[in-house]
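Below is one structure; the comments refer to it alone.
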Amino acid sequence: MSIVTVQLGQCGNQIGFEVFDVLFNDSHCPGGLCSKRENEAYQASCKERFFSEEENGVPVARAVLVDMEPKVINQTLSKAARSGWWKYGQHSCFCQKQGSGNNWAYGYSVHGPRHKESIMNLIQKEVEKCDSLSGFFIIMSMAGGTGSGLGTFVTQNLQDQYSSALKMNQIIWPYGTGEV
């Protein structure tokens, strides 16, 4: 039962990288806090649910990365590649040159409808790689425009298109003071 992760906006992509890095490390850790049998079952579960494998054995995150600006996605892809242990799929990213300007409504009402087909096609391609889809792990921020606005739009579309699949939204609340 595979889980496709959808990383939205700067926050979603940065947190998503950290999640996959921990999942990879967990799935390759020789020891654990439980019995050997339980640890092996957990490791196998992490690999099966969150990663696919290339022919050369390199784990590939079951993820779609979405941001309206390329900077964070490029950084995220580079960090994963530099790890040398796992990576993101070559064609699993969607970005543009213009952000959402910390504006929820712009992310939801402008970028959502404008890029719906492209984003949902990327998600569909990732789903098709799964033997059996369990659900979606959606990582986004409550502040800003892409993660919050476009994230809400994408989540609604996932519910419409995959109504029987589990959807778990990991919502990050911003720091108490600052820009957004």
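The figures follow:
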| item | result |
| --- | --- |
| So LYS167, is it among the basic types (Lys, Arg), modelled with pLDDT of 85 or more, open to solvent by less than 80 Å² (accessible area, probe 1.4 Å) and not in a loop (DSSP other than H, G, I, E, B) | yes |
| Only listed residue being touching a helix residue (DSSP H, G or I) at 6+ places or on another chain (Cβ under 7 Å), surrounded by 14 or more Cβ atoms within 10 Å (Cβ to Cβ) and more than 13 Å from GLY9 (Cα to Cα), chosen from LEU150, LEU133 | LEU133 |
| So ALA105, is it within 16 Å of PHE51 (Cβ to Cβ), open to solvent by less than 70 Å² (accessible area, probe 1.4 Å) and in contact (Cβ under 8 Å) with a residue 12 or more places away in the chain | no |
| Selection status of SER52, within 20 Å of LEU122 (Cβ to Cβ), out of contact with any helix residue (DSSP H, G or I) (no Cβ under 6 Å at 6 or more places or on another chain), surrounded by fewer than 12 Cβ atoms within 10 Å (Cβ to Cβ) and of a type outside the set (Asp, Glu) | no |
| Check on GLN161, open to solvent by 30 Å² or more (accessible area, probe 1.4 Å), at pLDDT 95 or above and out of contact with any Ser or Thr (no Cβ under 7 Å at 6 or more places or on another chain) | yes |
| Options GLU48, GLU54, GLU18, GLU38; residue that is among the acidic types (Asp, Glu) and over 25 Å from PHE94 (Cα atoms) | GLU38 |
| Residues within the stretch 77-94 that are at pLDDT below 90 and closer than 16 Å to GLU128 by Cα, tallied | 1 |
| First in the stretch 116-142 and closer than 10 Å to VAL64 by Cα, second anywhere and surrounded by fewer than 16 Cβ atoms within 10 Å (Cβ to Cβ) and basic (Lys, Arg), Cβ under 9 Å, 6 or more apart | ILE138/LYS167 |
| Boolean, GLY112 is more than 19 Å from LEU150 (Cα to Cα) and of a type outside the set (A, V, I, L, M, F, W, C) | no |
| Any hit, the stretch 22-39, residues being open to solvent by 40 Å² or more (accessible area, probe 1.4 Å) and touching a residue at least 40 places away in the same chain (Cβ under 8 Å) | yes |
| Count of the stretch 46-68 residues which are touching a Ser or Thr at 6+ places or on another chain (Cβ under 7 Å) and free of Cβ contacts under 8 Å to residues at least 40 places away in the same chain | 3 |
| Filtered residues of the stretch 62-76 (kept if out of contact with any His (no Cβ under 7 Å at 6 or more places or on another chain) and either open to solvent by 90 Å² or more (accessible area, probe 1.4 Å) or farther than 23 Å from SER134 by Cβ (or both)) | ASP67, GLU69, PRO70, LYS71, VAL72, ILE73, ASN74, GLN75, THR76 |
| Hey, GLU48 part of a helix (DSSP H, G or I), of a type in the set (Asp, Glu) and in contact with a strand residue (DSSP E or B) (Cβ under 9 Å, 6 or more places away or on another chain) or not | yes |
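The values are calculated or read from the model by the stated rules, or taken from the named source; none is laboratory data. These numbers were taken from a predicted model, which means no experiment stands behind them. In this analysis, Cβ positions are derived from the backbone assuming ideal geometry, glycine residues included, and neighbour counts consider all displayed protein chains. Accessible surface is based on the protein model in full, side chains and every heavy atom, while ligands, DNA and RNA are left aside. Shrake-Rupley method; radii C 1.70, N 1.55, O 1.52, S 1.80 Å.
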